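Right, one structure below, let's go through it.
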Protein chains: 2
Amino acid sequence: MNRTYSLRNQRAPTAAQIQSPPPPSASTKSKFFGKSSIASTFRKSTAGSFGPELSRKLSQMIKMEKGVLKAMELVAYERRAAARQLSVWGYDNDDDVSDVTDKLGVLLFELGELQDQFIDKYDQYRVTLKSIRDIEASVQPSRDRKEKITDQIANLKYRDPQSGKIPVLEQELVRAEAESLVAEAQLSNITREKLKASFNYQFDALRELAEKFALIAGYGKALLELLDDSPVTPGESRPAYDGYEASKQIIMDAETALEAWTLDVAVVKPTLSFYQTADDVYGEIVDDESHEHDIEEEGQEWVSETEEQEVHEDHEEHEEHEVASK
Amino acid sequence: MNRTYSLRNQRAPTAAQIQSPPPPSASTKSKFFGKSSIASTFRKSTAGSFGPELSRKLSQMIKMEKGVLKAMELVAYERRAAARQLSVWGYDNDDDVSDVTDKLGVLLFELGELQDQFIDKYDQYRVTLKSIRDIEASVQPSRDRKEKITDQIANLKYRDPQSGKIPVLEQELVRAEAESLVAEAQLSNITREKLKASFNYQFDALRELAEKFALIAGYGKALLELLDDSPVTPGESRPAYDGYEASKQIIMDAETALEAWTLDVAVVKPTLSFYQTADDVYGEIVDDESHEHDIEEEGQEWVSETEEQEVHEDHEEHEEHEVASK
């Protein structure tokens, strides 16, 4: 396995980090690397100790994903609690602070709600992985049986080469091999089908969550504009707050935008530097006659013809780049 | 406080839910509403029991945000662990599954890393809220002193109206009132300044996290396209996997996109139905002569002139709508 891109020791600062340098490490972080709940540590250490060997690693991963789920539930819960408290705190303040914090609370509460919906979807991803684990577990006996018969034949041939049992066992081996072939094909097919389905589902859910979070952040910033933050001198009173309608409108707009969002209107799209463009990934397939031509022109000889990647005409690819870099 | 938009009992399904109906509730969720760690329950119950009364509610909220932080740290940790395990599981599989799961692991690991960076920023938001709490705590004594002197004067006037102490106390009250005026002005100014700064910071960090998550989801979907999921019959072998370069390229593209991302290139933008457009929120201010005209035309008389909201020309507003609905 090429792990060049999985263990990056020295990372150059990103453009966003240059634009606004990263803050110091959060004071809540423990000094030691990461931290985990006792429950999840226990789950991890016990998962994979039981059951057929073939399915142990995936079993362990499924347990770890349960840990992710549990932790996300906690975030959603704590987020909602903090959102409520923000509104409670703001209530005692001046009108503008009171109204803005209440509406901010609504948006932050919505973050928790959205995360809750994401959790349900993440669980579906996890459940789909379980069907791979199950087929792995069911393939193990047929592998074991084949191996056992092979051993028995070898054993007999050494101890009693004339034994009448050998032909019987050899016939049995042929049957076991046939069964095993079917089982391995099932394993191969189901693993790929479910792996693809589960991660496609997770990534779609993640895109939905992410774009909705980004939307909420935008509306939150709009709400903050309603705060009257021009400094007052001692004794001076602020002009009366008149942003009630505006703040309500922002929340209604946010609600409308969140309700109308679908995967089709997703705006964050990856730019791919080779000619599998984002449209391939999202299903829009354009037949292109100049396939051969493009390959030669772009000099990317490493992408084989057998891959099902469609080529877009140059201008379409540029359009894609423009959208993504907006 | 208008809580019409904070306690929504009956919610209509959103467009995304109609497109793909929500899955059943995650099996990991407890039946009771939410759940919280013992530590955070303890933090919440103790916070706000001590310290000046004025700052108790905000103290409690700051403790709750600590709970959010701790839970997010756990998610980031669990996510990285699951990503590693995905790669470990895939290693024993065929070449295509092995390569794709390893690269998926890299992307999922990156989700954890990004969340870690977000946590540091979220902590800065929390630290900024602390300065509001501190000014609240420091204003309390001056309020108490004013109240105490007022009580003393009233008391003396009742018991001994001719007391020579009364003029002294009245002078002291004038001084205390002056001090209090300054303190209240400081409270008013700092609360607004810090509230705006802290939430702007949080929302910018959230937008960064969200858009980067959406990017990663897109690249993840591109990786899945490399899986050969055409079913094989028993005994049939799959064509040799040749996606190593493509998968590596996807990871490099993802890395490039994540590194190049800044707030300026953010694509998810809110659409606001009144004439404070997204550009106002993001700082781009366009002077517009037809201010009065637009107000009349759109018939939104409720937005006062005193609000610092710039009006965009119609065509610009439409452009904004188009971008956001792409």
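Remarks
- A:Lys121, A:Lys165, ranked by accessible area, largest first (probe 1.4 Å): A:Lys165, A:Lys121
- Ascending list, in nanometres, of distances separating the B:Ser237 label from those of the other copies (7 Å, Cα toward Cβ): 8.8
- Protection-proxy order for peptides A:188-200, A:135-147, B:106-118, each taking the mean of Cβ atoms within 10 Å per residue, highest first: B:106-118, A:188-200, A:135-147
- Put a dot 7 Å past the Cα of A:Ala154, heading toward its Cβ, do the same for B:Val265, and the two dots end up 5.7 nm apart.
- Spin-label pair A:Ile166/B:Ser163, simplified geometry with 7 Å Cα→Cβ offset, distance in nm: 12.0 nm
- Packing-based ranking of B:19-25, A:74-80 yields A:74-80, B:19-25, ordered from highest to lowest mean Cβ neighbour count within 10 Å.
- Virtual spin-label span in nm between B:Ser237 and A:Ser237, 7 Å along Cα→Cβ: 8.8 nm
- When B:Met252, A:Met61 are compared by accessible area at a 1.4 angstrom probe, the order from most to least is B:Met252, A:Met61.
- Chains B and A together bury roughly 14800 Å² of accessible area, counting both sides, with a 1.4 Å probe on protein heavy atoms only.
- Spin-label proximity, A:Ser20 to the stretch B:187-230 - amide N less than 11 Å from point 7 Å beyond Cα toward beta carbon: B:197-209
The values are calculated or read from the model by the stated rules, or taken from the named source; none is laboratory data. The model shown is predicted, which means the values in this text are computed figures rather than measured ones. Using ideal geometry, Cβ is built from the backbone for each residue, glycine included, and neighbour counts are taken over all protein chains shown. With ligands, DNA and RNA removed, areas are computed over all heavy atoms of the protein, side chains included. Shrake-Rupley method; radii C 1.70, N 1.55, O 1.52, S 1.80 Å.
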